[in-house]
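A quick write-up on the structure given underneath.
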Amino acid sequence: MTTLAILTAAGSGTRLGREIPKAFVDVGGVPMIALAARGLAASGVVDAVVITAPPGRSADMVAAVGPLSVPCDVVEGGATRQASVAAGLGRADAATDVVLVHDAARPLAPPALVERVVTAVRSGRSAVVPGLPVTDTIKRVVPDGGSPAAPGGESAQPVERVVDTLDRTALRAVQTPQGFDRELLQRAHAEGAARAAAEHLAATDDAGLVEALGVPVHMVRGDAAALKITTAHDLAVAELLLEGR
Ligand SMILES: Nc1ccn([C@@H]2O[C@H](COP(=O)(O)OP(=O)(O)OP(=O)(O)O)[C@@H](O)[C@H]2O)c(=O)n1
Ligand SMILES: C[C@](O)(CO)[C@H](O)COP(=O)(O)O
């Protein structure tokens, strides 16, 4: 029985604002995709990796990853992260009993975190996500018109109204890799397939599709180093973390 890791890397990285897809952007002089793939392989609990590449960029992806200690395949991703994971999942054969889904955008996820997730799945939890306590106060808001345009001609700013403050002791910020029994994840993606075509419908993580089936999802401790690189600020933080390693 084997563990397959799907490494999502087909996104464009609009919020990072580079001219190349985000997975190709360097952190500490190494492409994000290579760091993420190496982290999975170094865990010792991943038998093979399949990477989702932006359309037409599969060969570039192979080159960017470079040599890896486990077999690595590349498939073209889809219009949403959910569609990309579904494409990768198509590569999971009957010998695969555990599937991990990980973001190239979390290139510093430590091997110990990967191992923690896989161990939890192998000990009988069929869906496992890493999560961290939320440290900010979280408020729910609704739109509330806009402020008047400033005298200097600046455009009006949107204003929101606070509805309530959530109990943060019950909230967790969820990371990847997320781990699943392979058959459960395939069923979750099949049932939720209609959502995959459009960003506003798509699940933002794979556990969300499992939750929609009514199957319990369990959580293990996440790791601050597994931060997601979304903006230029995140990239700067990741560079500093890598320098300190
Ligand atoms: N169609 C997509 C969209 C995203 N992803 C991957 O999903 C992960 C999380 O997505 P995110 O960080 O939001 O990346 P982007 O969608 O590229 O970012 P943006 O929304 O800023 O364009 C990334 O590793 C990204 O490459 C993917 O494989 N296929
Ligand atoms: C899967 C994920 O990384 C868990 O936090 C996250 O939900 C991806 O969200 P994105 O909006 O696609 O970046």
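Quick notes on this one:
- Using only side-chain charges placed at the Cβ, +1 for Lys and Arg and -1 for Asp and Glu, the dipole size of the stretch 112-245 relative to its Cα centre rounds to 440 debye.
- Which of Pro21, Pro54, Leu113, positive extreme of dipole for the chain (C-beta unit charges): Leu113
- Taken about its Cα centre, the chain carries a charge dipole of roughly 260 debye when the Cβ of each Lys and Arg holds +1 and the Cβ of each Asp and Glu holds -1.
- Centroid-to-centroid separation of the stretch 173-187 and the stretch 41-93 [C-alpha atoms, Å]: 16
- Normalised by the number of residues in the chain, the average gap of Cα pairs under 8 Å and 6 or more apart makes the relative contact order 24 percent.
FYI, it's all coordinate maths here, none of it is from the lab. The model shown is predicted, which means the values in this text are computed figures rather than measured ones. Cβ coordinates were reconstructed from backbone atoms using ideal geometry, including for glycine residues, and neighbour counts include every protein chain displayed.
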